[in-house]
Structures are given as structure tokens and as C-alpha cells.
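Structure first, commentary second.
The values are calculated or read from the model by the stated rules, or taken from the named source; none is laboratory data. Nothing here was measured: the structure is a model prediction, and the numbers come from that model. Cβ: placed from backbone, ideal geometry, glycine included. Neighbour counts: every protein chain shown.
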Amino acid sequence: MLGNMMDLPLQISSLLDHAEQTHPDTEIVSRRCEGDIHRYTMSDAAKRAKQAANALEKMGVQQGDRVATLAWNNYRHYELYFAVSGTGAVMHTINPRLFPEQLVYIINHAEDRWIFVDLTFVPLLEAIKDQITNVEGFIVLCDEDRMPETSLPNAICYETLIKNEPETYSWPLLDEQQAACLCYTSGTTGNPKGVLYSHRSTMIHTMGSIGYEAIGISSLTCALPVVPMFHVNAWSIPYAATMTGAKLVFPGAGMDGASLWELIESEQPDLLLGVPTVWLMLLNHMEAIGKKLESVQNVIVGGSAAPLSMIKKFQEGHDAFLIHAWGMTEMSPIGTINCQTRAMMEMPLEERYALQQSVGRPIYGVQMKIVDDENNEMPRDGVARGRLLVRGPWIVQSYYKSDDTSNWHDGWFDTGDVATIDSKNYLRIVDRSKDVIKSGGEWISSIDLENAAVGHQAVAEACVIGVAHPKWDERPLLLVVKNEGAEVSKSEILEYLTDKVAKWWLPDDVVFVSELPHTATGKLLKVNLRTEYADYLLNKAAEAEPA
């Protein structure tokens with residue numbers, strides 16, 4: 001027997017209609033590529049999104065066509081989030097931090113018909129335009145008087161494109177399973193993989209993300225998402241804010257500490273969202289100018305783990321609570337969030353800090369388990385370590401235009417992470433399966449070692465890789481980037497680590513480097529480092545042997 005309820009499809013355009021009717025005066029603030037600050041309301045945004053939708057139809061864009069964006073977090077990009085998917089086309093957000101050959105690959109693989117591009121990234125596309133001949137034209141996101149001279153074929157100014165279009169548009173009724181957004185992984189090994197989100201998955205993910213046990217966003221919130229709109233839909237913040245009527249503050253290209261402080265001081269956001277490297281720059285700037293983040297209540301961190309020192313700096317220096325979140329492109333992306341609970345806030349401070357270092361518990365909609373090499377489920381005791389598998393209505397079922405099924409097991413997606421889950425369902429990511437170090441038959445977490453090393457006041461960034469060892473198969477090697485002007489020795493680093501990790505975890509050597517490689521999403525890129533230092537300890541052992 002079926003229920004007697006209406007069967008209206010979940011589709012992204014309904015968010016904008018809801019905001020226009022319910023939260024018309026909610027403000028959206030953007031730092032523009034043109035250099036100034038732009039302000040308007042959700043009602044204004046809805047009208048302009050409909051103008052853009054009308055323009056897309058005139059351009060011949062059909063349902064299912066891929067339309068790409070190469071843009072910062074700003075109001076024009078926000079409008080396209082609704083205009084493209086709302087018409088039934090597929091919004092393909094492109095990460096400008098990818099290598100040029102990766103950009104060429106994903107634009108051709110997606111078969112993008114049009115690309116909307118911010119002024120900053122026009123030169124990126126000019127450099128590869130002869131390799132992406134499937135693209136019919138380029139829309140530059142700028143004012144008419146700032147339209148650049150460009151070698152891009154069929155280049156049009158966005159403001160020119162939409163200015164004469166009607167501010168009304170009837171969104172088509174779509175199948176909620178229809179494709180809405182396309183995002184590619186950062187491609188740490190091989191070509192990036194496409195993840196094709198549906199209207200249904202995006203809407204359910206948005207509903208799952210807004211509650212207190214998740215992002216905790218409402219009409220009372222003022223959110224500053226530094227997490228980029230060009231990757232995994234900015235953790236769904238544009239959609240979540242539209243659903244709830246939260247004020248949005250978009251930083252544009254200004255993601256350094258001084259630029260972020262300028263926006264924080266003027267707009268008084270209470271919720272910040274971004275990766276640890278961004279917040280490190282902000283904290284350093286605040287320390288340099290002797291200011292405090294008066295309005296900020298919560299700082300959500302994802303992408304990589306924030307060290308304990310950062311958790312303490314936000315709490316003790318700014319009365320801001322740092323919340324770890326974990327997810328993946330393949331998960332739309334939110335999987336777990338470590339929000340405040342009554343039990344957590346009643347803990348002694350040091351115990352609470354220890355719990356805050358976990359990535360939290362799954363939000364409703366995400367199921368997870370850890371398994372051994374034979375895919376047997378392992379206990380949730382906080383000790384057993386296994387491969388992390390997930391499933392749920394916003395988790396990828398297959399990669400776009402790919403027959404690869406190696407990441408799926410009996411309906412579960414293998415994340416590639418090694419993790420523990422405790423009795424209260426708190427998840428701790430121990431390592432990536434390809435990064436974990438096996439020394440003498442025992443596992444060493446590169447992530448835990450890196451987080452411990454970054455706590456040293458002289459260390460700006462740390463990377464741990466497993467390298468071959470003549471006796472123990474693998475041993476950890478610590479690569480360190482020092483803070484500018486700081487002096488520290490190998491022995492001082494090792495001494496600092498002695499009471500923070502097990503003795504047998506201590507790195508066999510410390511190598512000081514000027515910089516470390518990163519993926520397009522800011523994560524450490526260890527593939528080339530493992531090749532470069534593969535024989536480092538073997539060579540040292542050979543040199544130490546008597547002739």
C-alpha cells in the first residue's frame with residue numbers, strides 16, 4: 001500500500017523560489033574581481049538568475065547539456081548555481097587550481113558547451129583554448145566596462161548577456177533524478193573522476209546539512225564560506241543559505257588573512273567555513289594586528305585535519321569553537337560533523353579538545369562502517385582500524401562515463417580512508433589507505449604524526465611519508481617547512497614529538513624543505529614525494545656501513 005501524499009519532485013530551482021518568497025531581504029555580500037564590494041538581496045539574486053536562465057535558453061542550451069563555471073565565490077557564480085541546474089542543464093564547476101592538462105581533460109570529458117569565467121581565470125582558458133574545441137563560447141563574469149580584450153572565441157560579457165532578459169522565468173518541472181551538477185575529484189592519481197549529482201541527491205544533502213547536528217545554519221546565521229564554490233558546491237552552503245535565509249558573505253579571490261579580516265570586521269559573520277591553511281593565515285593576521293574575532297562563534301574545518309594548536313587558538317584567543325567535518329567529492333560532500341553536544345561541553349577542557357580532533361559523527365543520511373581486508377565489519381570500539389565504507393542517498397553510485405567498479409562493495413563505497421569508529425559513532429580518520437605506514441607489521445598514522453609536528457611553533461607545514469627501510473620494511477620520514485624566520489633543528493623536532501606519539505612512531509629522519517606539493521584542493525600530494533625519497537633511508541644506511 002502506498003501513501004496518499006503529493007509526489008512533487010525535489011529540484012534545485014525550488015530553493016530560489018522559496019527564498020524569493022520567504023527571505024527576499026536577506027543580504028548577499030561579495031568581494032568582486034572588479035575590486036569593490038557588491039551587495040544585494042536574495043530577491044535580487046532570484047531575478048538575475050531568471051534572466052540568466054532566459055539567456056541560456058536563447059543560447060540553445062538543452063536539458064542535460066553541460067555548462068561550466070570557472071569562478072570564485074561571488075554573487076554571479078551564485079546566480080548560475082540556480083540558472084543552469086534550474087533549466088535542466090548540468091552545472092559543471094571547474095577547479096582552477098588543477099594543472100592545465102587536467103583542465104583540458106575534464107572540459108573535454110564533460111563535453112562542456114559553454115564556460116562562464118571570472119576575469120582572473122580568462123588567461124587560464126586562453127592558454128588551452130585550442131585544446132577544448134568542443135566549447136562553443138565563453139561568458140566573462142564582469143561589468144561591461146571591464147570586459148577584457150581576449151583571444152577566447154565567441155566571448156560575451158555576462159552583464160550584456162542578461163541585461164535585456166525578462167526577470168521572470170517558469171522553471172521546468174524536472175525528474176528529481178535528473179543530473180544537476182558535475183564535480184571532478186582533484187586527481188591525486190590518474191585523471192580526475194567525475195561525480196554527477198542529481199537534483200534529488202543535492203536537495204536531500206542540503207536538507208541534511210542545515211540542522212544543528214550538521215552545519216547549524218538558519219535565518220539568524222551570517223556565513224562566510226571560504227570553501228570554494230568551484231569544488232563540491234562549497235559544501236552545499238549556497239543551497240543551505242538559500243533554504244534557510246542565512247546571510248552570505250562571499251570573499252571572492254581575497255582569501256588571505258588581511259582580506260578575510262576586512263570582511264569579518266565589516267559584515268560580522270558568526271560562521272566561517274574553509275580549510276586549515278586559510279584559517280592559519282587568518283589567525284596569524286589577527287595575532288599580528290592584535291585583534292579578536294568578536295562575532296565568530298563557529299569555524300567549520302574540512303579538507304584536512306586542523307592541528308590541536310589551531311583548535312586552541314580559536315577557542316582560547318577568539319572564543320570560537322572549531323568544528324571538524326569530513327566528506328568527499330563522492331559524498332556531495334558532507335559525511336560527518338563534530339558539532340557541540342551537551343556531553344562534550346561538560347567535559348574537562350583537555351578531554352574536549354581531544355574529542356574535537358575527531359571528525360565527528362555521521363549526519364542523518366550517511367551510514368558508515370569499517371572493514372578488514374576480507375570486507376568483514378570491524379568493531380566500533382575506537383581501537384580497531386579498517387577501511388572506511390559509506391552509503392547513503394547523496395553518495396556516488398558510479399563515476400561519470402566510467403566502467404570502474406573497484407570502489408564499490410555490496411552497495412557500499414570504499415572511501416580509501418583508514419579509520420576507527422567508537423561506541424558513540426565518532427569517526428577518526430587514521431590515514432589514507434595509500435599513505436598509512438606499515439613498520440615491522442604495525443601501522444603508523446602519517447596524519448597523526450603530521451598534526452603533532454605542526455604543533456611546534458617553528459613548523460609551518462609537515463608531511464610524513466613511508467620510505468623503505470632495510471630492517472622494518474617501512475619507516476616514517478618527516479618533511480618540514482619552517483615558519484618564515486624560524487630556526488629549528490632535527491633533534492629539537494624529535495624531542496618535541498617524544499611525548500606526543502609512541503616512541504616507535506618517531507620519524508627516522510627530519511628533512512627541511514622550502515615547500516611541499518599540494519593537490520588542487522589544498523591537500524598534501526605525496527605521490528611524487530614517495531618516489532623522490534623512496535631510497536632515502538636505504539642510502540643513509542649504506543653510507544653508514546664501514547667500507
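Looking for whichever is part of a helix (DSSP H, G or I), touching a Gly at 6+ places or on another chain (Cβ under 8 Å), in contact (Cβ under 8 Å) with a residue 12 or more places away in the chain and more than 30 Å from E20 (Cβ to Cβ) here; the options are L263, L282. Which one fits? Checking each option against the conditions leaves just L282. For A223, state whether it is aliphatic (A, V, I, L, M), in contact with a Leu (Cβ under 6 Å, 6 or more places away or on another chain) and within 29 Å of P192 (Cβ to Cβ). So A223 passes the test. With the structure loaded, tell me whether E351 is in contact with a strand residue (DSSP E or B) (Cβ under 6 Å, 6 or more places away or on another chain), free of Cβ contacts under 8 Å to residues at least 12 places away in the same chain, surrounded by fewer than 16 Cβ atoms within 10 Å (Cβ to Cβ) and among the acidic types (D, E) or whether it fails that test. For E351, the condition - in contact with a strand residue (DSSP E or B) (Cβ under 6 Å, 6 or more places away or on another chain), free of Cβ contacts under 8 Å to residues at least 12 places away in the same chain, surrounded by fewer than 16 Cβ atoms within 10 Å (Cβ to Cβ) and among the acidic types (D, E) - is not met. Here the strands (runs of 3 or more DSSP E) wholly within the range 1-108 that include at least 2 residues being touching a residue at least 24 places away in the same chain (Cβ under 8 Å) and within 23 Å of T329 (Cβ to Cβ) are 66-70, 90-93.
Among the residues of the range 275-282, none qualifies, meaning not one is at pLDDT 95 or above and farther than 23 Å from Q340 by Cβ. Contact map, the range 507-533: first residue farther than 19 Å from R475 by Cβ and in the same structural domain as V464 (by TED's automatic domain parsing), second residue basic (K, R) and surrounded by 15 or more Cβ atoms within 10 Å (Cβ to Cβ), Cβ cut-off under 7 Å, separation 6 or more or different chains; pairs are A520/R97. Tell me, yes or no, whether the range 361-371 has at least one residue that is of a type in the set (K, R), outside any strand (DSSP E or B) and out of contact with any helix residue (DSSP H, G or I) (no Cβ under 6 Å at 6 or more places or on another chain). No, the range 361-371 has no match at all. Taken together, A240, A214, A306 contain a single residue that is crowded, with 20+ Cβ neighbours inside 10 Å, touching a helix residue (DSSP H, G or I) at 6+ places or on another chain (Cβ under 6 Å) and in a loop (DSSP other than H, G, I, E, B), which is A306.
Of the residues in the range 172-183, at least one is farther than 18 Å from W72 by Cβ, free of Cβ contacts under 8 Å to residues at least 24 places away in the same chain and of a type outside the set (A, V, I, L, M). Entry remark, the range 141-178: residues being crowded, with 16+ Cβ neighbours inside 10 Å, of a type in the set (A, V, I, L, M) and out of contact with any His (no Cβ under 8 Å at 6 or more places or on another chain) number 6 in total. All conditions but one from (1) at pLDDT 95 or above; (2) exposed (fewer than 13 other Cβ atoms within 10 Å of the Cβ) apply to P362; the one that does not is (2). Within the range 309-329, the set of residues being closer than 21 Å to W235 by Cα, in contact (Cβ under 8 Å) with a residue 60 or more places away in the chain and surrounded by fewer than 23 Cβ atoms within 10 Å (Cβ to Cβ) comprises M328, T329. I want to confirm something. Restricting to the range 378-419 and keeping residues that are of a type in the set (D, E, K, R) and loosely packed, with under 13 Cβ neighbours inside 10 Å, which single residue is modelled with the lowest pLDDT? Here the answer is D404.
Is it the case that the range 77-92 has a residue that's at pLDDT 95 or above, aliphatic (A, V, I, L, M) and more than 24 Å from G60 (Cβ to Cβ)? Checked the range 77-92: no residue is at pLDDT 95 or above, aliphatic (A, V, I, L, M) and more than 24 Å from G60 (Cβ to Cβ). In this structure, A520 does not satisfy being exposed (fewer than 15 other Cβ atoms within 10 Å of the Cβ), outside any strand (DSSP E or B) and either of a type in the set (A, V, I, L, M) or touching a strand residue (DSSP E or B) at 6+ places or on another chain (Cβ under 8 Å) (or both). Taking the numbered list (1) modelled with pLDDT of 95 or more; (2) closer than 30 Å to S304 by Cα in turn, G187 passes all entries but (1).
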